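Visitor: This is the structure, below, for whatever I ask next.
The values are calculated or read from the model by the stated rules, or taken from the named source; none is laboratory data. Worth saying up front: this structure is predicted, and the values here are computed from it rather than measured. In this analysis, Cβ positions are derived from the backbone assuming ideal geometry, glycine residues included, and neighbour counts consider all displayed protein chains.
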Amino acid sequence: MKPKLFIPGPTHVEQDVLDALAQYPIGHRTTDYRDLQSKVVSGIKECLYTEQSVLVSTSSATGLMEAGVRNLSKKKVANFVCGAFSKKQAAITRACGLNQDVFEVEWGQAITAEHVNDVLSKGDYDLVTIVFNETSTGVMNPLQEIADVVNNYDDVLLMVDAVSGMMGAPIKIDEWGVDMALASVQKAWALPPGFAITSLSDRALARSHSIPDAQKGFYFDFVRMHKAGEKSETPVTPSIPHLYGLSVQLDRIKAEGLENRFARHREMADRVRDWGRDKFGLFAEPGYESDTLTCFNNDANIDLLALADAMKSKNYLISGGYGDLKGKTFRLAHMGDLKMADINDVLDVLDGVIETL
Ligand SMILES: *Cc1c(COP(=O)(O)O)cnc(C)c1O
């Protein structure tokens with residue numbers, strides 16, 4: 001038996017979703033395929049509360065993190081950093097040779113709307129990048145408040161790395177005014193890795209139209225992706241297994257109900273925080289704790305490698321700190337298709353294991 005996944009990606013996948021990925025392929029220029037993509041894309045739009053564009057991408061999320069900055073900035077990018085993944089977004093922007101300024105807060109702190117406003121009022125930016133849920137620190141940034149601020153600046157687009165937050169907490173794309181929210185499917189979408197999706201606002205698409213190919217490249221050109229998407233196709237052969245999987249997963253999400261899904265995540269998050277708040281301390285700034293994963297301090301000074309190993313030997317995979325936080329923190333994901341019973345179970349086992357360390 002494989003260890004059950006309580007790491008923040010890849011996450012636990014239900015058997016019927018797994019089975020869906022194993023179906024015999026269909027041609028990707030056929031009516032059957034177009035029906036499949038069309039169903040999946042409209043399902044995703046419902047989940048993101050948007051009537052604007054949704055693009056599907058056969059890549060991990062990082063591909064879309066790179067695509068976003070290449071397609072959406074002509075002047076200068078403001079990268080907000082609050083942990084390892086938002087730092088990666090800044091590194092990607094740099095690697096693409098784009099103009100940028102980086103604004104980093106202490107890890108564990110959230111990015112506030114005031115901070116974003118302060119930056120935008122002083123600089124000549126046309127794109128803000130922000131992480132919704134910083135997977136390395138367990139901080140969930142106040143996205144709606146940040147979007148409110150960004151929307152006061154006419155030519156500034158808002159690009160959100162929503163990888164570990166999307167489908168674990170609501171993101172109201174159209175109502176909040178988010179230009180791009182991207183995610184891979186191996187986090188709270190609860191599918192195997194290898195596929196990513198993003199929302200794209202009309203004004204983001206218009207921006208991409210005005211950017212030369214030499215900056216955008218070919219594979220991730222949003223105009224090309226959108227044009228194919230209008231016909232319910234992709235420019236190149238997609239991971240058809242993932243579309244099968246998403247189709248089944250969207251049915252499951254619909255059956256549970258979006259609101260119920262988000263409430264389940266909040267309840268699991270409360271349970272995990274209550275379990276470890278006193279014993280370990282939470283790494284995230286109070287008020288900004290993530291609903292999809294919890295990052296604990298190691299105040300009790302236990303051997304985190306031994307903890308993860310002991311858990312693995314009992315068939316539970318948990319996660320040590322990420323990046324600079326390795327050895328200093330450990331993380332437990334409570335996202336995707338995990339249920340309260342799974343959380344109760346893993347916490348019981350953790351209690352037992354910790355006593356033996
Ligand atoms: C996992 C993760 C990524 C990277 O996603 P890939 O699919 O591995 O490219 C980026 N940002 C955040 C916040 C993540 O949690």
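Visitor: What residue, among those in the range 180-199 that are polar (S, T, N, Q) and more than 11 Å from the ligand (Cβ to nearest atom), is farthest from the chain's Cα centre (by Cα)?
Guide: Among residues in the range 180-199 that are polar (S, T, N, Q) and more than 11 Å from the ligand (Cβ to nearest atom), the one farthest from the chain's Cα centre (by Cα) is Ser199.
Visitor: Report yes if Asp274 is surrounded by fewer than 16 Cβ atoms within 10 Å (Cβ to Cβ), out of contact with any helix residue (DSSP H, G or I) (no Cβ under 7 Å at 6 or more places or on another chain) and not in a loop (DSSP other than H, G, I, E, B), otherwise no.
Guide: It is true that Asp274 is surrounded by fewer than 16 Cβ atoms within 10 Å (Cβ to Cβ), out of contact with any helix residue (DSSP H, G or I) (no Cβ under 7 Å at 6 or more places or on another chain) and not in a loop (DSSP other than H, G, I, E, B).
Visitor: Quick check on my filter: what residues within the range 179-219 are in contact with a helix residue (DSSP H, G or I) (Cβ under 6 Å, 6 or more places away or on another chain) and free of Cβ contacts under 8 Å to residues at least 40 places away in the same chain?
Guide: The one that is in contact with a helix residue (DSSP H, G or I) (Cβ under 6 Å, 6 or more places away or on another chain) and free of Cβ contacts under 8 Å to residues at least 40 places away in the same chain: His209.
Visitor: Hey, can you tell me all the residues within the range 298-357 that are small (Gly, Ala, Ser), closer than 23 Å to Glu134 by Cα and surrounded by 13 or more Cβ atoms within 10 Å (Cβ to Cβ)?
Guide: Once the filter is applied, which keeps residues that are small (Gly, Ala, Ser), closer than 23 Å to Glu134 by Cα and surrounded by 13 or more Cβ atoms within 10 Å (Cβ to Cβ), the range 298-357 yields Ala308, Ser319, Gly320, Gly321, Gly323, Ala333, Gly336.
Visitor: Tally the residues that are within 23 Å of the chain's Cα centre (by Cα) and outside any helix (DSSP H, G or I), restricting the search to the range 206-242.
Guide: Adding up the residues that qualify gives 6.
Visitor: Give just the number: which of (1) in contact with a Lys or Arg (Cβ under 8 Å, 6 or more places away or on another chain); (2) away from the ligand (no atom under 16 Å from the Cβ) does Glu106 not satisfy?
Guide: Result: Glu106 passes all but (1).
Visitor: Considering only the range 312-327, state which residues are more than 17 Å from Ala300 (Cβ to Cβ), more than 21 Å from the chain's Cα centre (by Cα) and of a type in the set (Gly, Ala, Ser).
Guide: Ser313
Visitor: Taking the options Asp351, Asp299, name whichever one is more than 30 Å from Ser38 (Cβ to Cβ), at pLDDT 95 or above and acidic (Asp, Glu).
Guide: Asp351
Visitor: Is the range 28-41 home to any residue that is surrounded by fewer than 14 Cβ atoms within 10 Å (Cβ to Cβ), away from the ligand (no atom under 16 Å from the Cβ), outside the structural domain of Val346 (by TED's automatic domain parsing) and closer than 21 Å to Glu256 by Cα?
Guide: no
Visitor: Continuing with this model, one more query. So for the range 200-214 (the condition being under 25 Å from Thr135 (Cβ atoms), within 16 Å of the ligand (Cβ to nearest atom) and out of contact with any strand residue (DSSP E or B) (no Cβ under 6 Å at 6 or more places or on another chain)), does at least one residue qualify?
Guide: No, that holds for no residue.
Visitor: Is it true that Val81 is more than 24 Å from Ser53 (Cβ to Cβ), in contact with a helix residue (DSSP H, G or I) (Cβ under 8 Å, 6 or more places away or on another chain) and at pLDDT 95 or above?
Guide: In short, yes.
Visitor: Take Thr11 and decide whether it is among the β-branched types (Val, Ile, Thr) and away from the ligand (no atom under 14 Å from the Cβ).
Guide: No, not satisfied.
Visitor: For the range 70-99, enumerate the residues that are touching a strand residue (DSSP E or B) at 6+ places or on another chain (Cβ under 6 Å) and among the aliphatic types (A, V, I, L, M).
Guide: Leu72, Val77, Ala78, Val81, Ala90, Leu98
Visitor: I need the full set of residues from the range 47-94 which are touching a residue at least 40 places away in the same chain (Cβ under 8 Å), more than 14 Å from the ligand (Cβ to nearest atom), of a type outside the set (Ser, Thr, Tyr) and farther than 12 Å from Ile197 by Cβ, in order please.
Guide: Matches in the range 47-94: Glu51, Gln52, Arg70, Asn71, Leu72, Lys74, Lys75, Lys76, Val77, Ala78.
Visitor: Among the residues of the range 342-354, is there at least one that is of a type in the set (Asp, Glu), in the same structural domain as Phe262 (by TED's automatic domain parsing) and in contact with a helix residue (DSSP H, G or I) (Cβ under 8 Å, 6 or more places away or on another chain)?
Guide: no
Visitor: Is there any pair linking a residue in the range 242-267 that is among the hydroxyl-bearing types (Ser, Thr, Tyr) to one that is surrounded by fewer than 18 Cβ atoms within 10 Å (Cβ to Cβ), with Cβ under 7 Å and at least six apart or on different chains, and which?
Guide: Tyr244/Gln23; Ser247/Lys39
Visitor: Here is a further query. Kindly provide the set of residues from the range 115-171 that are part of a loop (DSSP other than H, G, I, E, B), within 12 Å of the ligand (Cβ to nearest atom) and of a type outside the set (A, V, I, L, M), ordered by number.
Guide: Matches in the range 115-171: Phe132, Thr135, Ser136, Thr137, Gly138, Asn141, Ser164, Gly165, Gly168.
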